[in-house]
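Laboratory data are not the source of any read-out in this text; all were calculated from the coordinates shown. No experiment lies behind these values; they were computed from the predicted model shown. Glycine gets a Cβ as well: all are built from the backbone with ideal geometry, and neighbour counts include every protein chain shown.
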Amino acid sequence: MTESLVFRKDKVEDFYDIGDEIGRGQFAVVKKCVERSTNTEFAAKFVKKKRSLSSRRGATAEQIAYEAELLRKVQHDGVIYLHDAFEHAAEFTLVLELLSGGELFEFLVEQEYLTENEAMGFIQQVVEAVDYIHDCHIIHLDIKPENIVLKNKKENKVKLIDFGLAKIIPPGEVVKAITGTPEFVAPEVINYEPVGTPTDMWAIGVLTFILLSSGASPFLGDDPNETFINIQNVEYRFDEEYFADISPQAKDFISSLLIKNSGDRLSARDCLTHPWLKTEPEAAKRRKTTLIKTDTFKAFLARTHWKKSLKKVIAINRLAILGKRGDAYKDMFSEGDSCSDASDSDSEGPDHSREKRTTPTNSKLLEDKTNAVLHLNDSEE
């Protein structure tokens with residue numbers, strides 16, 4: 001842990017040469033920059049301030065300070081780090097580690113295939129990073145493929161990004177949250193029950209399933225209502241189409257995380273000693289011969305990235321009633337879908353919203369409509 005963060009009032013341009021834009025969100029623009037004193041490249045994230053408390057545009061000082069403080073405290077090789085921070089009248093600027101490798105799934109579609117051993121290596125890195133933040137009493141609450149990014153394209157080193165929804169939970173404190181991405185939220189989020197480190201572990205289970213099945217999702221339904229019901233009932237299966245050659249240890253790893261009772265899930269520390277992540281020579285040898293197709297990751301990306309204009313992010317403030325009133329699902333998400341469709345009307349990209357893929361009951365490729373986020377969050381680091 002490091003000293004408390006102090007936002008500098010100086011001009012960013014006095015210390016950094018600002019370069020080309022590399023990303024844009026609903027409230028933020030990200031540009032490459034070079035620190036003059038060290039000649040080191042970083043990513044400068046310029047975040048608009050809210051003009052008033054009632055405004056839906058921009059971020060409050062408290063929101064940015066909270067996220068920045070979290071990033072400053074987390075010093076781990078598997079987590080993006082915050083180098084510097086500035087505050088001005090109309091915006092904040094966060095100077096972040098520059099990650100040039102792109103999202104993990106973007107990298108995977110460029111490969112001919114992925115071995116189970118390579119997939120295990122990526123998940124192990126994520127678990128190590130999550131184990132660290134959990135030790136710091138921090139939960140991420142938005143672990144998903146888009147938030148797993150390669151440091152560069154020369155090495156298979158991944159980092160966890162986007163702490164916009166993360167929370168500090170001191171020991172003994174009870175916290176409830178209505179945030180997350182629908183396909184990855186745990187049952188306790190839907191039921192508006194206390195969240196904690198097990199909530200992240202559920203998301204790692206979903207992430208592992210998707211990675212090993214080349215983009216198939218364990219709980220996705222035909223609409224958000226069905227998706228949430230599948231999650232609450234923990235209805236999923238290892239379809240032979242995807243998991244015929246996957247090791248029993250990998251399936252057990254997933255099953256040990258996708259458990260409704262959060263107290264029964266493996267912790268991140270437990271995961272690191274699970275047989276699937278342990279480096280046993282014979283098991284590793286078998287995993288190296290198990291090939292996972294990467295071509296279907298393209299379908300996954302098509303459904304998630306063409307709507308990646310962060311205008312799609314929606315605030316849904318009534319998730320607490322989902323666990324008690326099943327009829328509320330459709331009402332809430334009919335509102336959410338209409339907001340999403342309206343705000344994304346100027347986005348470029350193919351319309352995959354009507355595409356269907358024939359898959360067994362509870363294992364379907366992610367569709368664009370489930371990318372709606374349940375909390376206002378400018379999620380690009």
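Could you give the length gained by full extension between V175 and D77, i.e. 0.36 nm per residue of separation minus their alpha carbon distance, to one decimal place?
32.5 nm
Want the number for K154 to E226: 0.36 nm per residue separation, take away the alpha-carbon distance, what's left?
21.8 nm
Would you please give the FRET efficiency between T38 and A90, computed as 1/(1 + (r/R0)^6) with r the Cβ-Cβ distance and R0 = 45 Å, to the nearest 0.05?
It comes out at approximately 0.95.
How much length, in nm to one decimal, is gained on full extension between K50 and E235, taken as 0.36 nm per residue of separation minus their Cα-Cα distance?
So the chain would gain 62.5 nm between K50 and E235.
First check a/c for the stretch 89-145, with a ≥ b ≥ c the square roots of the eigenvalues of its C-alpha gyration tensor; if it is under 1.5, answer rounded, and if not, answer prolate when a/b is larger than b/c or oblate otherwise.
oblate
With r as the distance between the Cβ atoms of D245 and A65 and R0 = 41 Å, compute the FRET efficiency 1/(1 + (r/R0)^6) and round to 0.05.
That pair, A65 with D245, gives E of 0.30.
How much net charge surrounds A90 when only other residues with a Cβ under 11 Å from its Cβ are counted (Lys, Arg +1; Asp, Glu -1)?
Result for the local shell: +2.
Give the Rg (one decimal place) followed by the Dmax (whole number) of the stretch 12-97, computed from C-alpha coordinates and expressed in Å.
13.1, 41
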